[in-house]
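Novice: Have a look at the structure that comes next, please.
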Amino acid sequence: MDLFWQQLINGLSLGALYALIAVGYTVVYGIVQLINFAHGEIFMVGAFGAFATWVVMGSPKEMSWQMAVFGLLPAMIVGGMIVSVSMALLTERLAYRPLRDAPRLAPLITAIGISVFLQEFVRLFFGDIPGMPDAKRAIPFPTVIGITGQSLHFGNVTVQISAIFTIGALAACTIFLWFYVNRTKTGRAMVATSQDPDTARLMGINVDRVIMSAFAVGAALAAIAGVAHGLRYGNIDFRMGFLAGLKAFTAAVLGGIGNINGAVVGGLVLGVVESMATTFIPGQFGSPAWKDVWAFVLLILVLVFRPQGLLGAKVVDRA
Amino acid sequence: MLEVKDMVVAYGRVNAVKGISFSVEKGQIVTLLGTNGAGKSTTLRAISGLLKLVSGSITFEGEPLDGVPAHKIVERGIAQSPEGRRLFRKMSVEDNLKLGAFSRKDTAGVKTDLANIYELFPVLGERRHEAAGLFSGGEQQMLAIGRAMMSRPKLLMLDEPSMGLSPIMTQTIMRTILKLQSEGVTILLVEQNASAALSLADRGYVLEVGQIMFSDTGKALLGDDRVRKAYLGAD
């Protein structure tokens, strides 16, 4: 039974990471019906932005845990957000907006192109930024004293502090999103635009601005996920957005693309399924190498039997 | 107040509106009549900034509207209740009305106007928290008009408000339009229901395949043989 609880907590923390990224896929899809395949790279760039912020701060190593948790960590998150949000807005403005009225395939292919571009850009040029290490290989993520490598024990169940951070961040973001969508003017404009963009325009809503806020919100959450990833795995690299992005996209479809709650639920379910599958499926099929297989098997099953997703695909609606 | 000159609007390569000119004077009700495909909705969509002009011009209160994005046109004082009502069906009545006031910053004024709409259409007030999609066609039309009115427009454009409504409900809507005019709102009314529209209109324009065939006062058009034959079922 301990093993079950252990895997459940592992799965939830992995799933929370997926969910934080999945929200970006779903919000953008809900508004412009675009699967932004470059979103995984926005997550990656956010992690690098957080790392760069640490370097700019003088690569601090020794400090109290209070300083690390309440000073360094928030600074890194904000730094990561600035980088990922600017990158997301830049791609929207330069690459997607000119294709707004093009056939749907055009922006999709563009998204894949941006994804490759961002990976290669970080790989080739990150080390050329003064003070930054070469990014052709994985870079160790800064240690946040009090979180990195720390864990709590409940009987035989170990809970990493980084897992608590990830799940806590997801909870906070979900509450923020609910408030944003239901209680702010921009949020209501977003829901209106997702239901009917032309009529939203007739209401005086600046649809371009709504689309930009959708990209920005998704990128900000992806940056938090980037930091969570760094804390969890201890390093970051230019390829980290590919698989994580694919998994998060799976999570978004699983929950029902366009549905914010669906992205959260889909992420958590996917994380738990992955972690349970590698533990409770017997023989070689339960080996860690198979965890991605089970994740995508789940996607295929959902697409066959419940194509609208667990919570139902819909336009961005009551979060 | 509104001056449309030689306006050409196209969908792709097909010109849906082929150089029309008309004007709306302050305080008037002006109606555009015509069958499906005559270019009536296209005209309204172009005035609202949802479609770009190929050529020609639109002037509102002496200022040109070309190049002004749709969301800015609402701020200039032109609101539209679009064809088929296009409500935000999953949102409540109140949320729909509040979206109508999206471009406004005077919170107190918005509150007053909300109360006025509920007074004008009591059924909306009673069920203000229910989803818009749950209402009958006539009630939805009231909501669509109310939503457009929430921006406090100088010019209200209504695209086929009688579509799919019973004759009694159509009369109710037409009475509402007269009431709005008496409160000082200028109205551009697009209709297929010629008798209902012309009985209100100060002026009517008859559109056919993207061109204005003729125009006159509402009363004169009601008695016009060409209109009677084509739109009023007289032989």
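Novice: Looking at the stretch B:14-35, is at least one residue within 14 Å of chain A (Cβ to nearest Cβ), touching a Ser or Thr at 6+ places or on another chain (Cβ under 6 Å) and in contact (Cβ under 8 Å) with a residue 40 or more places away in the chain? Write out each step before concluding.
Specialist: Within the stretch B:14-35, the subset within 14 Å of chain A (Cβ to nearest Cβ) is none.
No; the residues of the stretch B:14-35 include none that is within 14 Å of chain A (Cβ to nearest Cβ), touching a Ser or Thr at 6+ places or on another chain (Cβ under 6 Å) and in contact (Cβ under 8 Å) with a residue 40 or more places away in the chain.
Novice: If you don't mind, there's one more thing I want to ask. If we keep just the residues of the stretch B:7-26 that are over 18 Å from residue B:50 (Cα atoms) and assigned to a strand (DSSP E or B), which is farthest from the chain's Cα centre (by Cα)?
Specialist: Kept after step one, since they are over 18 Å from residue B:50 (Cα atoms), are these residues of the stretch B:7-26: B:21-26.
Those left that are additionally assigned to a strand (DSSP E or B): B:21-24.
Values: B:21: 17, B:22: 15, B:23: 14, B:24: 12 Å.
Here the residue is B:21.
Novice: Can you tell me which residues in the stretch B:191-212 are under 16 Å from residue B:4 (Cβ atoms) and not basic (Lys, Arg)? Steps first, answer last, please.
Specialist: Of all residues in the stretch B:191-212, those under 16 Å from residue B:4 (Cβ atoms) come to B:203-207, B:210-212.
Within the stretch B:191-212, B:204, B:205, B:206, B:207, B:210, B:211, B:212 meet the criteria.
Novice: Spot the failing condition for residue A:149; the list is (1) small (Gly, Ala, Ser); (2) assigned to a helix (DSSP H, G or I); (3) more than 14 Å from chain B (Cβ to nearest Cβ), and only one is missed.
Specialist: Of everything listed in (1) small (Gly, Ala, Ser); (2) assigned to a helix (DSSP H, G or I); (3) more than 14 Å from chain B (Cβ to nearest Cβ), residue A:149 misses just condition (2).
Novice: Would you check if residue A:192 is at the interface with chain B (Cβ under 9 Å from one of its Cβ atoms), surrounded by 17 or more Cβ atoms within 10 Å (Cβ to Cβ), assigned to a helix (DSSP H, G or I) and small (Gly, Ala, Ser)? Don't jump to the end; show me each part of the working.
Specialist: Numbers: at the interface with chain B (Cβ under 9 Å from one of its Cβ atoms): yes; surrounded by 17 or more Cβ atoms within 10 Å (Cβ to Cβ): yes; assigned to a helix (DSSP H, G or I): yes; small (Gly, Ala, Ser): yes.
Yes.
Novice: A further question follows. Give the residues of the stretch B:76-106 that are in a helix (DSSP H, G or I), at the interface with chain A (Cβ under 8 Å from one of its Cβ atoms) and among the aliphatic types (A, V, I, L, M), sorted by residue number. It would help to see each step written out before you state the result.
Specialist: Taking the stretch B:76-106 as the starting set, the residues that turn out to be in a helix (DSSP H, G or I) are B:76, B:93-100.
Cutting the leftovers down to at the interface with chain A (Cβ under 8 Å from one of its Cβ atoms) gives us B:95, B:98-100.
Across the stretch B:76-106, the qualifying residue is only B:99.
Novice: Yes or no: residue A:272 touching a Cys at 6+ places or on another chain (Cβ under 9 Å), away from every other protein chain (no Cβ under 14 Å) and more than 30 Å from residue B:71 (Cβ to Cβ)? Break it down into steps so the answer makes sense when it comes.
Specialist: Working: touching a Cys at 6+ places or on another chain (Cβ under 9 Å): no; away from every other protein chain (no Cβ under 14 Å): yes; more than 30 Å from residue B:71 (Cβ to Cβ): yes.
It is false that residue A:272 is touching a Cys at 6+ places or on another chain (Cβ under 9 Å), away from every other protein chain (no Cβ under 14 Å) and more than 30 Å from residue B:71 (Cβ to Cβ).
Novice: Given the conditions (1) more than 12 Å from chain A (Cβ to nearest Cβ); (2) more than 18 Å from residue A:185 (Cα to Cα); (3) surrounded by fewer than 23 Cβ atoms within 10 Å (Cβ to Cβ), which single one is not true for residue B:141?
Specialist: It fails just one condition, (3).
Novice: Scan the stretch A:123-138 and give yes if some residue there is farther than 23 Å from residue A:96 by Cα, within 14 Å of another protein chain (Cβ to nearest Cβ) and surrounded by fewer than 15 Cβ atoms within 10 Å (Cβ to Cβ), otherwise no.
Specialist: Within the stretch A:123-138, the subset farther than 23 Å from residue A:96 by Cα is A:123-138.
Adding the requirement that they be within 14 Å of another protein chain (Cβ to nearest Cβ) leaves none.
No, the conditions are met nowhere in the stretch A:123-138.
Novice: So residue B:198 passes all but one of these: (1) crowded, with 23+ Cβ neighbours inside 10 Å; (2) part of a strand (DSSP E or B). Which condition number does it fail?
Specialist: Result: residue B:198 fails condition (2) only.
Novice: Something else: Residues of the stretch B:40-55 being touching a residue at least 24 places away in the same chain (Cβ under 8 Å), among the hydrophobic types (A, V, I, L, M, F, W, C) and in a loop (DSSP other than H, G, I, E, B), which ones?
Specialist: Correct list: B:51 only.
Novice: Give the residue that is farthest from residue B:43 (Cα to Cα), with candidates limited to residues of the stretch B:210-228 that are among the β-branched types (Val, Ile, Thr) and at pLDDT 90 or above. Full working, then the answer.
Specialist: Within the stretch B:210-228, the subset among the β-branched types (Val, Ile, Thr) is B:212, B:217, B:227.
Add one more test, that the residue is at pLDDT 90 or above, and what stays is B:212, B:217.
Details: B:212: 11, B:217: 20 Å.
Ranking the qualifying residues of the stretch B:210-228, first place goes to B:217.
Novice: Considering B:58, B:73, which residue is within 11 Å of chain A (Cβ to nearest Cβ) and either over 23 Å from residue B:163 (Cβ atoms) or in a helix (DSSP H, G or I) (or both)?
Specialist: Numbers: B:58 fails: within 11 Å of chain A (Cβ to nearest Cβ).
Criteria check complete, one pass: B:73.
Novice: From B:186, B:170, which residue is of a type in the set (Ser, Thr, Tyr) and either more than 29 Å from residue A:206 (Cα to Cα) or surrounded by fewer than 15 Cβ atoms within 10 Å (Cβ to Cβ) (or both)? Give the derivation first.
Specialist: Details: B:186 fails: either more than 29 Å from residue A:206 (Cα to Cα) or surrounded by fewer than 15 Cβ atoms within 10 Å (Cβ to Cβ) (or both).
That would be B:170, the only listed residue that is of a type in the set (Ser, Thr, Tyr) and either more than 29 Å from residue A:206 (Cα to Cα) or surrounded by fewer than 15 Cβ atoms within 10 Å (Cβ to Cβ) (or both).
Novice: Say we look at the stretch A:200-235 and pick out the residues that are in contact with an Asp or Glu (Cβ under 7 Å, 6 or more places away or on another chain) and within 14 Å of another protein chain (Cβ to nearest Cβ); which of these is farthest from residue B:147 (Cα to Cα)?
Specialist: Going through the stretch A:200-235, the residues in contact with an Asp or Glu (Cβ under 7 Å, 6 or more places away or on another chain) turn out to be A:204, A:211-212, A:215.
Then drop every residue that is not within 14 Å of another protein chain (Cβ to nearest Cβ), which leaves A:204, A:211-212.
Working: A:204: 12, A:211: 23, A:212: 26 Å.
Filtering the stretch A:200-235 for residues that are in contact with an Asp or Glu (Cβ under 7 Å, 6 or more places away or on another chain) and within 14 Å of another protein chain (Cβ to nearest Cβ), the one farthest from residue B:147 (Cα to Cα) comes out as A:212.
Novice: Please work out which one of (1) at pLDDT 95 or above; (2) closer than 21 Å to residue B:35 by Cα is the condition residue B:124 fails and give its number.
Specialist: All conditions are met except number (2).
The values are calculated or read from the model by the stated rules, or taken from the named source; none is laboratory data. Bear in mind the structure is a predicted one, so any value in this text is a computation, not a measurement. Cβ coordinates were reconstructed from backbone atoms using ideal geometry, including for glycine residues, and neighbour counts include every protein chain displayed.
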